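These notes concern the structure reproduced below.
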Amino acid sequence: MEQDLIKIINISIYAPSGDNSQPWNFKIKNNSIFVYNISERDRSLYNFNNNAALIAIGGLLTNIRIAASHFNYTVEIKIINNNNLVAECNFKKDNINEDELFLYIKTRQTNRKPYKQKTPDKNIFKQLLIANIYEHLKIEIVTESNLITRIADACSVNEQIVLENKKLHDFLFNHITWTNKEDMIKKGFYIKTLELNGPQAVVFKLLKSWRINSFFNKIGISKFIAKENAKLYSESGAMIAITSNIIDNKIFIETGMLMQRLWLIATKHELYMQPLTGITFLKNTINSSDGIKEFNSEHLKLIESSYKKIKNIFNNNDEHINFIFRVGYAEKPTAGTRRLNAEIATG
Ligand SMILES: Cc1cc2nc3c(=O)[nH]c(=O)nc-3n(C[C@H](O)[C@H](O)[C@H](O)COP(=O)(O)O)c2cc1C
């Protein structure tokens, strides 16, 4: 069984994670996979209280469940969430049908290209809605183009703040891999996955230096880039949010589990997705007294007001927005992200 569990892990790590930080490692013991969160992998201001990492690990757990079916196992996943141990997955050999979503674990990708403004078929939305088996989670879908544009505007404020806050800026630029060669050895995401055109790529590379970036900010580059991204994000078939009426660690893990299933179903229907989660995570960050200190008063106001706009459009006053995607039909991404070998302890 151990060899099968290793194979299951090596497929499941194709789950998405914030800035491709891959915040997980594994132990295999007595027919079980223990999944751990490695907090050091994502020390960003987006990952306050490990919220983003727990969503990523939730996605990985969905992959584990789906991949188990391919190898003829049923799996019981227990959320532990004690220190770094997030979950224990107990496997039993069984004669079960392979989950059809297995085919899409490795082909799912974040696509940052413009999407067609064509609304996906209602049947696809129906399939997304029935994938939600979680008591405290809701899926909200927005398809009206004026509302998509307003969500796009509010989400793109994140890009302005990233370029104006040194910690966010440094984290982003440290996670970009600038050449194919570097991408093969470093955890991160390849510059080509950002889908920048020639002049944009040249400017973006210059912004890596905080000094040059700060100079350009004085002449408005951060706001200009946010506006350009707002235009891009508004070119979408729909905006989808996963919301909940409570938030705790388990809810973030379940949000990730649901996020991944939605993403795989969308991939099956040849739809692409891009998470637009910056503002929602920054809102979680500034809800804590430590987090609030990391931002100036202008940014605190921007985070609050953008989050409020997003919440109002999704029309859910009592709910927290845990995750947002834009969705649509598009050309294939220019490049993909890599995974380094999974770290697996055995015995
Ligand atoms: C919790 C979480 C937050 C993310 N937030 C964003 C985001 O705000 N913008 C974005 O373009 N991609 C976002 N991503 C996508 C990751 O950058 C992407 O999954 C990672 O680079 C791996 O690439 P892949 O999805 O193509 O496999 C997020 C992913 C996760 C799991």
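To the nearest 10 degrees, how steep is helix 51-70 against the longest Cα principal axis of the chain, on a 0 to 90 scale? The two axes meet at around 40 degrees.
Ordering Asn316, Ala238, Asn296 by the projection of their Cα atoms onto the charge dipole of the stretch 122-328, which places +1 on the Cβ of Lys and Arg and -1 on the Cβ of Asp and Glu, puts Asn296 at the extreme positive end.
The residue among Leu194, Ser305, Ile151 whose Cα reaches farthest toward the positive pole of the charge dipole of the stretch 122-328, with charges on the beta-carbon of Lys, Arg, Asp and Glu, is Leu194. Rolling a 1.4 angstrom probe over the stretch 122-328 with all protein chains present gives an accessible area of which 55% lies on carbon and sulfur atoms. In loop segments of the stretch 194-298 as defined by DSSP, the GluC sites (Glu not before Pro) with at most 15 further C-beta atoms inside 10 Å of their C-beta are Glu270. Charged neighbours of Leu262, selected by a Cβ distance under 14 Å, balance to +4 (K, R count +1; D, E count -1). Build a GNM of the chain with springs between Cα atoms under 10 Å: which of Gly188, Gly59, Gly291 gets the top mean-square fluctuation? Residue with maximal mean-square fluctuation among Gly188, Gly59, Gly291: Gly291. Kindly write out, for the stretch 186-193 in residue order, the coupling ³J(HN,Hα) from the Karplus curve 6.51 cos²θ - 1.76 cosθ + 1.60 (θ = phi - 60°), rounded to whole Hz, with x marking Gly and Pro. Here the 3J(HN,Hα) series is 10, 5, x, 10, 6, 3, 5, 6 Hz.
Under conditions of 37 °C and 0.692 mPa s, the chain yields 159 µm² s⁻¹ as its translational diffusion coefficient, taking Rh as the Kirkwood radius over Cα pairs in the Stokes-Einstein equation. Amide hydrogen proximity for Asn165: with H placed 1.01 Å from N in the peptide plane, no residue at 5 or more positions away or on another chain lies under 5 Å. From the Kirkwood radius over Cα pairs of the stretch 110-198, Stokes-Einstein at 25 °C and 0.890 mPa s returns a whole-number translational diffusion coefficient of 148 µm²/s.
Note on the chain: dipole from Cβ charges, positive end direction compared against Ser69, Met1, Thr177; the farthest Cα belongs to Thr177. Residues whose amide H lies under 5 Å from that of Phe323, counting only those 5 or more places away or on a different chain, are Ile242; hydrogens are built 1.01 Å from N in the peptide plane.
Working note: Cα gyration tensor of the stretch 122-328, eigenvalues times five, square-rooted, sorted largest first, giving semi-axes of 28, 21, 17 Å. Put simply, the amide H of Ala238, placed in the peptide plane, has neighbours under 5 Å in Val327, leaving out anything fewer than 5 places away on its chain.
Excluding same-chain neighbours fewer than eight residues apart, the aspartates and glutamates reachable from Lys187 by a Cα-Cα span under 18 Å are Asp19, Glu40, Asp42, Asp170, Glu343. Per residue, the chain exposes 46 Å² of solvent-accessible protein surface, assessed with a 1.4 angstrom probe and all protein chains in place. If you bin all the Cα-Cα distances of the stretch 14-63 at 5 Å, starting from zero, the percentages per bin are 5, 22, 32, 22, 12, 6, 2, 0.
Against the main long axis of the alpha-carbon atoms of the chain, helix 249-268 sits at an angle near 90°. If only the Cβ of Lys and Arg carry +1 and only the Cβ of Asp and Glu carry -1, the dipole of the stretch 122-328 around its Cα centre is close to 440 debye. Centre-to-centre, using Cα atoms only, the stretch 5-40 and the stretch 70-127 are separated by 14 Å.
The values are calculated or read from the model by the stated rules, or taken from the named source; none is laboratory data. All values reported here derive from a predicted model rather than from experimental measurement. Neighbour counts run over all protein chains shown; Cβ positions are idealised from the backbone, glycine included. We work out accessible area using only protein heavy atoms, side chains counted, and drop any ligands, DNA or RNA first. Shrake-Rupley method; radii C 1.70, N 1.55, O 1.52, S 1.80 Å.
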